[in-house]
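Computed from the coordinates by the stated procedures, all read-outs in this text should not be read as laboratory data. Since the model is a prediction, treat every value here as computed from it, not as a measurement. Positions of Cβ are backbone-derived with ideal geometry, glycine not excepted, and every protein chain shown enters the neighbour counts.
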Amino acid sequence: MLDIRLLEGLVLAVLLPLCFSRIRTSDPAAAALAGAYALYTVLPIYGRWQAWVAVCMCGVCAAAVRRLLVSRGSAQTTEHQETESPAPDLRARATGALIRAARSVLFAVPAVFAALTLGGTPLWRELGRALEDNRLAVTVNGAAASLFLGGLATGLILRRFSSVTAGRAQAVLGGGTLLGWLERSLYFAFLLAGQPTAAAFALTAKSAARFPALQRDEEGLAEYYLIGSLSSLVIAVVSALLTRLALGMAAV
């Protein structure tokens, strides 16, 4: 179980920064998120030097993958623009970075205070045991893959096979990324619990809620909806089944 936790968690740590639009535009943010998730992954073996090497490597690899996939796509897009965009305001960028750093510190202070004051309490010890629990970590890995990597994969599939832009679909259907996360979280939870009927009911309820908007708008959105919904469903099903198998449960 520990090997599965480490394999899944370290791969997820490298790929997770690509799933968030604000994080995948910054190397430090991508490296920080990857390092944090990798640190959670290697928590049961944090006393070994290999664990810290893995954390550092995940941060470096996440920044490298982000730069390779995101920056290259941005460069290819700007090559086709006839007019050049104005140079970025360095002062504005520095101010924005300072504000983001201040927010991070503001959120970190309560966590550090809690760690120092509650370190010896039973509640803190139970939290530590939960973080080191391999079965819980495998479940978290499966949920993260379904929610976040599933959203990334669904977006790529829609851009490849649907003629409808995300902006027009968002204007008519609404919801967007948040609805996709909620949808896949329900599918994953129901299937992990061995309740495929509940997952089918969730899909039916979503389809019934979307039908009026799809019926009013022009042709093309129905295709977009079907591709997106079925992609989300397939990703959630695969994630849930692999998680059940990793936990030693029956596939169905």
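Note that the range 17-22 has calculated 3J(HN,Hα) couplings of x, 6, 8, 10, 4, 6 Hz, one per residue in order, obtained from phi through the Karplus relation 6.51 cos²θ - 1.76 cosθ + 1.60 (θ = phi - 60°); glycine and proline are x. Of the peptides 54-61, 31-38, the ranking by mean beta-carbon count within 10 Å, highest at the top, reads 31-38, 54-61.
By other beta-carbon atoms within 10 Å, ranking Ser239, Ser185 with the fewest at the front produces Ser185, Ser239.
Extension gain for Phe201 to Met1 (0.36 nm times residue separation, less C-alpha to C-alpha distance): 68.8 nm. Listed by Cβ neighbour count within 10 Å, with the fewest neighbours leading, Tyr225, Tyr40, Tyr46 appear as Tyr46, Tyr40, Tyr225. A crude spin-label estimate for the pair Val53 and Leu226, with each label 7 Å from Cα along the Cβ direction, gives 5.2 nm.
Per residue, the convex hull around the alpha carbon atoms of the range 1-44 comes to 48 Å³. Within the shell of other residues whose beta carbon sits under 9 angstrom from the beta carbon of Asn141, the net charge comes to 0, with Lys and Arg scored +1 and Asp and Glu -1. Could you please report the charge total around Leu33, scoring K, R as +1 and D, E as -1 over all other residues with beta-carbon less than 12 angstrom from its beta-carbon? Summing Lys/Arg as +1 and Asp/Glu as -1 gives +2. Counting every other Cβ atom within 10 Å of each residue's Cβ, Arg22, Arg125, Arg66 order from fewest to most as Arg22, Arg125, Arg66.
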